[in-house]
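Notes follow once the structure below has been shown.
The values are calculated or read from the model by the stated rules, or taken from the named source; none is laboratory data. Being a predicted model, the structure only gives us computed values, none of them experimental. As a convention, Cβ positions derive from the backbone with ideal geometry for all residues, glycine included, and neighbour counts pool all protein chains shown. Accessible surface is based on the protein model in full, side chains and every heavy atom, while ligands, DNA and RNA are left aside. Shrake-Rupley method; radii C 1.70, N 1.55, O 1.52, S 1.80 Å.
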Amino acid sequence: MDIVVLLKQVPDTETLIQIADDKASIRTEDVKWIINPYDEFAVEEALRIKEKNGGKVTILTMGPARAVESIRTALAMGADEGVLIDDPATEGSDALGTARVLVAALKETGFDLIIAGQRALDNDGYQVPAAVAELLGIGQVSMVVKDEVADGKIRCESTVEGGTVVIEAGLPALFTTQKGINEPRYASLPGIMKAKKKPLTKKNLADLGVDPSEVGEAQAKCRVKNLFFPPERSPGKIIEGETVGAKTAELVRLLREEAKVI
Amino acid sequence: MAQGVLIFAEQVDGNFRKVAYEAVSEGRRQADTLGEAVTAVVLGSGVDGIAGELGKYGADKILVGDDPALADYTTDAYTNVLFDIVKDNDPGILLLGASSQGKDLSARLAARLGVGLAMDCIALKLDGEKLIATRPVYGGKVLAEVALEGIPRMIAIRPNVMEIVEVTKAGDVEKIDVNPGAVKTRVMEKRLEAASKIDLTEADVIVSGGRGMGGPDFSVIEELAEVLGGTIGASRSAVDEGWRPHSDQVGQTGKVVSPNLYIACGISGAIQHLAGMGSSKYVVAINKDPEAPIFKKADYGIVEDLFDAVPAITAELKKRL
Ligand SMILES: Cc1cc2nc3c(=O)[nH]c(=O)nc-3n(C[C@H](O)[C@H](O)[C@H](O)COP(=O)(O)OP(=O)(O)OC[C@H]3O[C@@H](n4cnc5c(N)ncnc54)[C@H](O)[C@@H]3O)c2cc1C
Ligand SMILES: Nc1ncnc2c1ncn2[C@@H]1O[C@H](COP(=O)(O)O)[C@@H](O)[C@H]1O
């Protein structure tokens with residue numbers, strides 16, 4: 001069973017985000033980078049499926065050279081191989097452009113099952129996995145909290161408003177992760193040592209036979225024109241009062257008369 | 001030439017999602033600016049009866065695709081059918097709600113159409129011919145204005161953000177033939193809570209508890225939520241402790257919510273939590289630590305033990321009802 005995890009490196013969720021001078025990107029100098037948390041769930045789930053069903057776990061990333069660190073971490077967790085597609089021509093790709101590159105690589109690695117994050121915690125896009133599934137013509141299941149592989153099929157619990165829906169798809173298929181699916185393991189020291197010897201291939205668009213004019217900024221159909229900070233919430237009012245009852249009575253009055261929300 | 005605004009109005013088991021009304025209302029606003037028509041699409045099985053409702057929010061025409069194969073949402077059947085409808089109608093703008101289903105569907109459809117999609121948008125504006133959508137990125141720490149190329153321009157709107165406006169009009173309902181085609185996934189079972197429970201993403205009032213709850217007993221919060229007609233939320237700490245289900249988690253790895261009123265009880269206000277509730281209209285924080293960062297993001301704060309303050313608020317509300 002060949003499992004491929006689509007993994008993106010994103011800024012640590014604690015990072016202070018600063019807007020770059022072009023107003024369309026962020027400053028990357030002081031950013032600490034991590035594996036997108038939803039992709040970390042994907043790595044963990046891939047490892048569990050492999051442990052149960054046998055097979056191989058490949059980590060696939062399109063990104064700059066620094067993303068190697070994240071792939072190494074996934075290899076240290078237990079993945080078998082890594083592929084990084086690093087090509088300046090991919091910069092500024094939108095979801096479809098990104099998917100084209102990932103699909104070209106997926107056709108080389110082979111796959112029975114693709115696991116991705118539901119969204120990357122940088123652009124909060126929710127789009128690349130569906131675009132990958134569409135370009136490959138395979139089934140997709142979104143926001144999965146539980147899955148089971150048997151008899152060439154995968155059965156997933158997909159979260160929707162108010163509950164879950166159990167969905168079955170024939171392999172090959174793609175699913176995306178939802179919080180609750182698992183608790184990702186930490187990379188152990190022996191794992192980190194072993195990871196250094198695991199295959200990690202770097203490729204560019206020419207290696208994959210992807211036409212650079214099909215990806216990147218020039219081709220993107222959804223483009224960021226302007227980034228700005230949301231208006232600051234005006235500093236809140238701490239409600240003073242002699243007693244708890246006095247404070248809460250005042251709060252209720254404010255919610256009724258000032259905010260008019262109740 | 002591509003013209004008009006097409007809206008996919010999501011229904012579940014014969015009830016429209018609130019975001020469907022929001023999308024039709026927003027579509028109406030954009031169409032009025034352009035002087036164009038609004039067409040809404042309803043897909044399902046046995047949905048003729050409800051379709052006419054969309055006229056009330058400004059749909060000039062309502063297309064109904066009624067087919068047993070559309071009874072349960074599947075990515076493939078819905079994408080196939082909506083793709084055909086887009087090709088037949090050639091709209092300039094296509095709007096959907098960014099619900100769980102809407103995200104899954106819009107992303108697949110955008111890839112098939114080969115057009116740009118602005119996901120989870122909180123504002124739309126027309127700048128001449130250009131359509132600019134505003135969407136939160138980096139967990140809402142930053143807002144991005146994005147421009148779309150390719151026709152139709154596809155926008156999925158965040159639930160609970162756009163205003164619902166009723167108009168005094170009726171839309172023409174038209175049944176259409178659909179071809180759901182081959183489907184690669186099968187719905188085996190649906191495990192849904194009573195329809196009466198409002199999902200966090202659609203709730204007007206949310207009362208959330210954090211580690212300060214000290215344990216799985218959320219009854220003080222439940223009572224407050226009950227008098228306010230609200231829904232319960234939780235911080236990740238409360239979820240990780242096993243006090244609440246994952247589906248209650250608000251934040252960067254949980255749900256993104258936009259209620260009118262968000263009451264955070266015993267929640268410190270970590271940046272990942274703020275990412276989920278930062279776009280609430282009013283935030284109330286109850287925390288015994290006056291230094292808790294949540295107070296900087298709250299409109300009203302009460303520095304007290306939540307087990308004293310929350311029941312007192314409930315009592316006060318009951319008194320005035
Ligand atoms: C990658 C990543 C993703 C994350 N995603 C999320 C997410 O989606 N959602 C999320 O919430 N967090 C998320 N977190 C975790 C986040 O960083 C915080 O750890 C978490 O939000 C803290 O939860 P809390 O406020 O309930 O607990 P604490 O930070 O422990 O705060 C508890 C608060 O309760 C107060 N308190 C205690 N007792 C009482 C009492 N009796 N009365 C009143 N106040 C009391 C305390 O003063 C304190 O301020 C994420 C973290 C990471 C690294
Ligand atoms: N550059 C990339 N390389 C590998 N996987 C990616 C990349 N971008 C997005 N993905 C995958 O798609 C998911 C959703 O990303 P997005 O659609 O950008 O929010 C991520 O969680 C990853 O699994």
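Can you send over the solvent-accessible area of B:His246, 1.4 Å probe, protein chains only, in Å² to the nearest 10?
In the full protein context, B:His246 sits at about 80 Å².
By what distance, in whole Å, do the Cα atoms of chain B stretch along each of the three principal axes, largest value first?
61, 44, 39
With every protein chain present, what is the per residue accessible area of region A:1-102 (1.4 Å probe, Å²)?
38 Å²
To the nearest 10 degrees, how steep is helix A:244-257 against the longest Cα principal axis of chain A, on a 0 to 90 scale?
The angle comes out near 80 degrees.
Whole-Hz Karplus ³J(HN,Hα) for region A:188-201, in order, using 6.51 cos²θ - 1.76 cosθ + 1.60 and θ = phi - 60°, x for Gly and Pro?
Per-residue couplings from phi come out as 7, 4, x, x, 5, 5, 4, 4, 4, 9, 7, x, 9, 9 Hz.
Calculate the spin-label point distance for A:Lys107 paired with A:Asp22, positioning each point 7 Å from the Cα along the beta-carbon direction, and give it in nanometres.
That separation, rounded to one decimal, is 2.9 nm.
Quickly work out the A:Glu29-to-A:Ala259 label distance, labels modelled 7 Å from Cα along the C-beta direction, and quote it in nm with one decimal.
Result: 4.0 nm between the two label points.
Write down the Kirkwood hydrodynamic radius of region B:1-118, to one decimal in angstroms, obtained as one divided by the mean of 1/r over all alpha carbon pairs.
Computed over Cα pairs of region B:1-118, the Kirkwood hydrodynamic radius comes out at 14.0 Å.
Counting pairs of alpha carbon atoms under 8 Å apart in space and at least six apart in sequence, what relative contact order in percent does chain A give?
24 percent
Just subtract the alpha-carbon distance of A:Val166 and A:Lys146 from 0.36 nm times their residue separation and send over the number in nm, one decimal.
Stretched fully, the A:Val166-A:Lys146 segment lengthens by 6.3 nm.
If you line up the Cα atoms of region A:152-233 on their principal axes, what length do they span on each, largest first, in Å?
46, 39, 37
When the label point is put 7 Å from the Cα of B:Asn15 along its Cα-to-beta-carbon vector, which residues of region B:191-213 have a backbone N closer than 17 Å?
Once the point is set 7 Å along Cα→Cβ of B:Asn15, B:191-205 turn out to lie under 17 Å by backbone N, inside region B:191-213.
Could you list log10 I(q)/I(0) for region B:170-255 at q = 0.11 Å⁻¹, which the Debye formula gives when each Cα is one point scatterer?
Values, matching the q order: -0.48.
At 1.4 Å probe size, what's the solvent-accessible area of B:Asp217? Round to the nearest 10 Å².
Taking all protein chains as shown, B:Asp217 has close to 100 Å².
When the dipole is taken about the Cα centre of region A:153-262, and only Lys, Arg (+1) and Asp, Glu (-1) are charged at their Cβ, what size is it in debye, to the nearest 20?
Rounded to the nearest 20 debye, it is 660 debye.
Counting Lys +1, Arg +1, Asp -1, Glu -1, what net charge surrounds A:Ile181 among other residues with beta carbon under 10 Å of its beta carbon?
Counting the neighbours of A:Ile181, the net charge comes to -2.
Please give me the summed charge of the neighbours of B:Ala20: other residues whose Cβ is under 10 Å from its Cβ, Lys and Arg +1, Asp and Glu -1.
-1
With +1 on each Lys and Arg Cβ and -1 on each Asp and Glu Cβ, and nothing else charged, work out how big the dipole of the protein assembly as shown is about its Cα centre, in Debye to the nearest 20.
780 debye
Can you compute the equivalent ellipsoid semi-axes for the protein assembly as shown, i.e. the square root of 5 times each eigenvalue of the Cα gyration tensor, sorted largest first and rounded to whole Å?
36, 31, 23
Ignoring ligands, DNA and RNA, how much accessible area is buried between chains A and B, both sides summed, with a 1.4 Å probe, to the nearest 100 Å²?
Buried area between the two chains comes out at roughly 7100 Å².
Please give the helix A:37-53 orientation as an angle from the longest Cα principal axis of chain A, in degrees from 0 to 90, rounded to the nearest 10.
Approximately 40 degrees, to the nearest ten.
Compute the FRET efficiency between B:Asp48 and A:Arg223 as 1/(1 + (r/R0)^6), taking r as their Cβ-Cβ distance and R0 = 45 Å, and round to the nearest 0.05.
With a Förster radius of 45 Å, E is 0.65.
Just to confirm the number: angle between the C-alpha axis of helix B:75-89 and the first principal axis of chain B, 0 to 90 degrees, nearest 10?
The angle comes out at about 50 degrees.
Pairs A:Lys50/A:Lys203; B:Lys87/B:Lys175; A:Lys237/B:Lys296; A:Lys50/B:Lys190; A:Lys107/A:Lys202; A:Lys225/B:Lys130: which exceed 19 Å Cα-Cα?
A:Lys50/A:Lys203; A:Lys50/B:Lys190
Would you check the accessible area of A:Asp22, probe 1.4 Å, heavy atoms only, in square angstrom rounded to 10?
Estimated to the nearest 10 Å², A:Asp22 gives 90 Å².
How large is ³J(HN,Hα), in whole Hz, for each residue of region B:90-95 in order, when computed from phi with the Karplus curve 6.51 cos²θ - 1.76 cosθ + 1.60 and θ = phi - 60°, using x for Gly and Pro?
6, x, x, 10, 10, 10
How far is the Cα center of region B:217-273 from the Cα center of region B:76-107, in Å?
32 Å
Would you mind telling me the share, in percent, of accessible area of the protein assembly as shown contributed by carbon and sulfur at probe 1.4 angstrom?
Heavy-atom surface of the protein assembly as shown belonging to carbon and sulfur, 1.4 Å probe: 49 percent.
Convert each backbone phi in region B:100-116 into a coupling constant with the Karplus relation 6.51 cos²θ - 1.76 cosθ + 1.60 (shift: θ = phi - 60°), then list the ³J(HN,Hα) values in order as whole Hz, x for Gly and Pro.
Couplings: 4, 5, x, 5, 4, 5, 5, 5, 5, 5, 4, 5, 5, 6, x, 10, x Hz.
Enter the accessible area per residue of region B:200-320 (Å², integer; probe 1.4 Å; all protein chains in place).
Here the residues of region B:200-320 average 36 Å² of exposed surface.
Could you size up the charge dipole of region B:5-175 around its Cα centre, putting +1 on the beta carbon of Lys and Arg and -1 on that of Asp and Glu, and report it in debye to the nearest 20?
The dipole of region B:5-175 has a size of about 560 debye.
So what is the calculated 222 nm ellipticity per residue for the protein assembly as shown, using -39500 (n - 2.57) for each DSSP H run with n of 4 or more, over all residues, to the nearest 500 deg cm²/dmol?
After summing the helix terms and dividing by the residues of the protein assembly as shown, the value is -8500 deg cm²/dmol.
Among A:Pro129, A:Thr61, A:Pro190, which residue has its Cα positioned farthest towards the positive end of the charge dipole of region A:2-219, with +1 placed on the Cβ of Lys and Arg, -1 on the Cβ of Asp and Glu, and the dipole taken about the Cα centre?
A:Pro190
Send over the Kirkwood Rh of region B:200-320, from the inverse of the averaged 1/r over different Cα pairs, rounded to one decimal Å.
Final number for the Kirkwood radius of region B:200-320 is 13.7 Å.
Any chance you could list P(r) for chain A, counting all Cα-Cα pairs in 5 angstrom bins from zero, rounded to whole %?
1, 6, 11, 15, 16, 14, 11, 8, 5, 4, 4, 3, 2, 0, 0
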